[in-house]
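Peer 1: Below are the structure tokens for one structure; questions will follow.
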Amino acid sequence: MTEHHRETRAVHVPFPQPTGRALNVPLFQGGVFAFDDAEEMAAAFDGPPAMAGQGEGDGNTGDGNARGAFLYSRLANPTVRALEDAVADLEGGVGALAAGSGMGAINTVLRALLRTGDHVIAQRCLYGGTHTTLRELTERWGVEVTYVSGDDPGEVRAALRPTTRILYLETIANPTTQVIDLPALIAAAPGVVSVVDNTFATPLLCRPIEYGADVVVHSATKYLGGHADVLAGVAVFADTGLLREVWDSGTELGATADPFAAWLVLRGMATLSLRMERHCSNAQTLADCLSAHPAVTAVHYPGLPSHPNHEIGRRILSGSGGVLSFELAGGRTAGRTFIESVRLASLAASLGDVKTLVMHPASTSHRKLDAATLAAAGIGEGTVRIAVGIEHPEDIWSDLEQALTKAG
Ligand SMILES: Cc1ncc(COP(=O)(O)O)c(C=O)c1O
């Protein structure tokens, strides 16, 4: 065969197709997969390749690429599939869809399952982005939403309508750290698709599918990734029918995860159990220290016996999480001084990072709200949220203590 020109060789670079076993999940950054014959390619066009939980004959033989069916990475990619299968396995689901962010996963699920006229029952205290999505679905799509406190299954039963399609909950809510009685709330809405945001708990502290949830969503940007260096989301499904329904519409929406993001989340997940142990033990130590500090009027952490959902937490969580919030006696001014005085911790909006992050909603994300509106959202003027990192607890506490002294 004549040798191709340099211009062609620069495009068609030979690369090894390893026969050995890679120790780690390889990064298939490519967006497109090639085929040897038309029949194989036609089969790939017919539907998604190997989805976890689908038996042989559906294309899943466990190697993730039976029949060479990866076609185009918006539809499926081997690295992304490894993440989907890993999170589905930890959550006890049949399969998953990875998205470009937590909001990508949440929107993919809601937009795939809801139709005009459908009714949603949602917990009042939800991540702000989810609230915004529900409001938009109400205004633009004619979806109706009833908000419930999440403290009483009777409220869910009373809100049910023939058109109720989704019950939307968060395992540990933000920033109040409310822990809901998942089994009781889900059981109160039989026949309704229950969607649970398990970002704060991770599958190591709680597996909502064990309590009857149909879909579990994650911002993998947080604890799953764990290092604040990646944006990703995952939706896990308890049955293949729902997975297929959401997959069909999600791959059209195009919110699917980038392979490198999936690879970073997988790398982070290898240390998830160690990090969660440390996040939880550090948060418990700080909750105890803060509870004894004179500048602090209340501490909200499910690991404290004083927390209203402490008993529920003991029942459904195997650890109280890495996020706590507390109230400063000095209100809005004290909150602002506190977040501007920390030195080891960072003033930052996220959570689930190895580093400790602090937030004061009343002077940042919720600055436009007056005291009454803040209170309705479960936030005080002096509420500070701490997403506790994995540093040595004494170093975090001495930083918080000096900031508390300044905040008075
Ligand atoms: C509980 C929860 N769900 C979903 C999201 C959205 O995730 P992402 O920022 O990855 O889109 C967040 C983000 O903070 C969150 O805290």
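Peer 1: With a/c under 1.5 counting as rounded, go ahead and sort region 227-290 into rounded, prolate or oblate using the C-alpha gyration tensor (a ≥ b ≥ c being the square roots of the eigenvalues; past the cut-off, prolate if a/b is larger than b/c, else oblate).
Peer 2: prolate
Peer 1: Hey, another quick one. Residue-wise, which Karplus ³J(HN,Hα) couplings in Hz belong to region 306-313, taking 6.51 cos²θ - 1.76 cosθ + 1.60, θ = phi - 60°, and x for glycine or proline?
Peer 2: 6, 5, x, 10, 3, 5, 4, x
Peer 1: Which of the three applies to region 94-212, rounded, prolate or oblate, going by the alpha-carbon gyration tensor with a ≥ b ≥ c and a/c under 1.5 meaning rounded?
Peer 2: Rounded is the answer for region 94-212, as its axis ratio a/c remains below 1.5.
Peer 1: Note down, for region 152-237, the three equivalent ellipsoid semi-axes (square root of 5 times each alpha carbon gyration tensor eigenvalue), biggest first, whole angstrom.
Peer 2: Its equivalent ellipsoid spans semi-axes of 25, 13, 11 Å.
Peer 1: Over the chain, what is the relative contact order in percent, taking alpha-carbon pairs closer than 8 angstrom and at least six residues apart?
Peer 2: Relative CO of the chain lands at 15 percent.
Peer 1: Please list the non-local residues whose amide H lies under 5 Å from the amide H of THR146, H modeled 1.01 Å from N, same-chain partners needing a gap of 5 or more.
Peer 2: Distant-sequence amide H within range of THR146: VAL120, ILE121, ALA122.
Peer 1: I've got another one for you. If contacts are Cα pairs under 8 angstrom and at least 6 residues apart, what is the relative contact order of region 98-171 in percent?
Peer 2: Here the relative contact order equals 41 percent.
Peer 1: Between GLU139 and GLU401, what FRET efficiency follows from the Cβ-Cβ distance if R0 is 60 Å, with the result rounded to 0.05?
Peer 2: 0.85
Peer 1: So, one more: With a cut-off of 19 Å, note down the residues of region 344-369 whose backbone N falls inside the zone around a label point 7 Å from the Cα of HIS392 toward its beta carbon.
Peer 2: 344-346, 354-357
Peer 1: Would you look at the GNM of the chain, springs on alpha carbons closer than 10 Å, and say which of ASN107, ASN24, ASN282 moves the most?
Peer 2: Its mean-square fluctuation being the largest, the pick is ASN24.
Peer 1: Right, next: What shape does region 288-357 have by the C-alpha gyration tensor, where a ≥ b ≥ c are the square roots of the eigenvalues, rounded means a/c under 1.5, and otherwise prolate means a/b greater than b/c and oblate the rest?
Peer 2: Judged from the Cα gyration tensor, region 288-357 comes out oblate (a/c at least 1.5, b/c at or above a/b).
Peer 1: Another question, if that's okay. Near the amide H of ILE172, under 5 Å away, which other amide H atoms are found, from residues 5 or more places off or on another chain, if H is placed in the peptide plane?
Peer 2: Counting only residues 5 or more places away or on other chains, the set is PHE200, ALA201.
Peer 1: Now, a different point. With every atom except the alpha carbons ignored, what do you get for Rg and Dmax of the chain, in angstroms?
Peer 2: That works out to 23.1, 83 Å for Rg and Dmax.
Peer 1: So how much slack lies between ARG21 and TYR72, counting 0.36 nm per residue of separation and subtracting their Cα-Cα distance, in nm?
Peer 2: 16.0 nm
Peer 1: Same structure again: Provide the per-residue ³J(HN,Hα) series for region 24-32, in order, calculated from phi with Karplus coefficients 6.51, -1.76, 1.60 and θ = phi - 60°, each as a whole number of Hz, with x at glycine and proline positions.
Peer 2: Using θ = phi - 60°, the values come out as 10, 4, x, 8, 8, 6, x, x, 10 Hz.
Peer 1: Can you tell me the length gained on complete extension of the stretch HIS4 to LEU253, counting 0.36 nm per residue apart and subtracting the Cα distance?
Peer 2: Extra length from HIS4 to LEU253 when fully extended: 85.6 nm.
Peer 1: Given the options THR116, THR256, THR164, which has the most mean-square fluctuation in a GNM of the chain, springs set between C-alpha atoms less than 10 angstrom apart?
Peer 2: So, out of THR116, THR256, THR164, the one fluctuating most is THR116.
Peer 1: Now for a different question. Longest span of the chain, sites excluded, free of GluC sites (Glu not before Pro) in DSSP loop with at most 12 other C-beta atoms within 10 Å?
Peer 2: 57-408
Peer 1: Let me ask something additional. How much mean residue ellipticity at 222 nm does the chain get from its helices, if each DSSP H run of length 4 or more adds -39500 (n - 2.57) and you divide by all residues, to the nearest 500 deg cm²/dmol?
Peer 2: For the chain, the value works out to -11500 deg cm²/dmol.
Peer 1: By how many nm would the segment from ALA298 to SER350 grow when fully extended, if each residue of separation counts as 0.36 nm and the alpha-carbon distance is taken off?
Peer 2: Separation in residues times 0.36 nm, less the Cα-Cα distance, equals 16.5 nm.
Peer 1: Residues of the chain: accessible area per residue at 1.4 Å, in Å²?
Peer 2: 45 Å²
Peer 1: At R0 = 41 Å, how high is the FRET efficiency between PHE35 and THR285 if r is their beta carbon distance? Nearest 0.05 is fine.
Peer 2: 0.15
Peer 1: Same structure, new question: Roughly how many whole Å is it from the C-alpha centroid of region 241-261 to that of region 379-408?
Peer 2: 39 Å
Peer 1: In the Gaussian network model of the chain, springs joining C-alpha atoms below 10 Å, which of ARG21, ARG81, ARG267 carries the largest mean-square fluctuation?
Peer 2: ARG21
Peer 1: Roughly how many whole Å is it from the C-alpha centroid of region 89-140 to that of region 194-225?
Peer 2: Measuring centre to centre over Cα atoms gives 13 Å.
The values are calculated or read from the model by the stated rules, or taken from the named source; none is laboratory data. Note that the structure is a prediction, hence the values are computed from the model and not measured. Glycine gets a Cβ as well: all are built from the backbone with ideal geometry, and neighbour counts include every protein chain shown. Accessible surface areas use protein heavy atoms only, side chains included; no ligands, DNA or RNA. Shrake-Rupley method; radii C 1.70, N 1.55, O 1.52, S 1.80 Å.
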